[in-house]
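Down below is the structure, laid out as structure tokens.
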Amino acid sequence: MTLKLRVRDVARTRGWNLSQLQRRADLGMTTARRLWFGTGNGREQGPPLQFVSLAALDRIARVLDVDPRDLLARDE
């Protein structure tokens with residue numbers, strides 16, 4: 001069992017794309033892409049993201065107006 005990021009899913013429910021999230025959360029594009037895709041290389045297909053900045057996750061949660069826990073899911 002692993003954790004999976006739900007950043008893209010939550011942002012899309014708000015009608016946001018990657019660029020909008022990146023600008024509103026004031027993140028670098030590389031960081032935003034890694035969190036959006038949940039991959040270490042920031043591409044749609046790639047190795048799973050191993051480490052997540054809590055500060056970046058908190059910024060995203062704040063701009064999306066959700067609890068940071070809402071951005072994580074267990075991948076069974």
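The values are calculated or read from the model by the stated rules, or taken from the named source; none is laboratory data. No experiment lies behind these values; they were computed from the predicted model shown. Here the Cβ is made from the backbone with ideal geometry for all residues, glycine too, and neighbour counts use every protein chain on show. Accessible surface is based on the protein model in full, side chains and every heavy atom, while ligands, DNA and RNA are left aside. Shrake-Rupley method; radii C 1.70, N 1.55, O 1.52, S 1.80 Å.
Some observations on this one:
- Spin-label model distance (nm) - residue 26 vs residue 44, 7 Å beyond Cα toward Cβ: 3.2
- Stokes-Einstein diffusion for the chain at 20 °C, viscosity 1.002 mPa s, with a Kirkwood radius from C-alpha pairs, works out to 176 µm²/s.
- Segment 39-65 and segment 13-30: distance between their alpha carbon centers, rounded to Å: 11
- Projected label distance in nm at residue 53 and residue 3, using a 7 Å step from Cα toward the beta-carbon: 1.6
- On the chain, 45 percent of the accessible area sits on carbon and sulfur atoms, based on a 1.4 Å probe.
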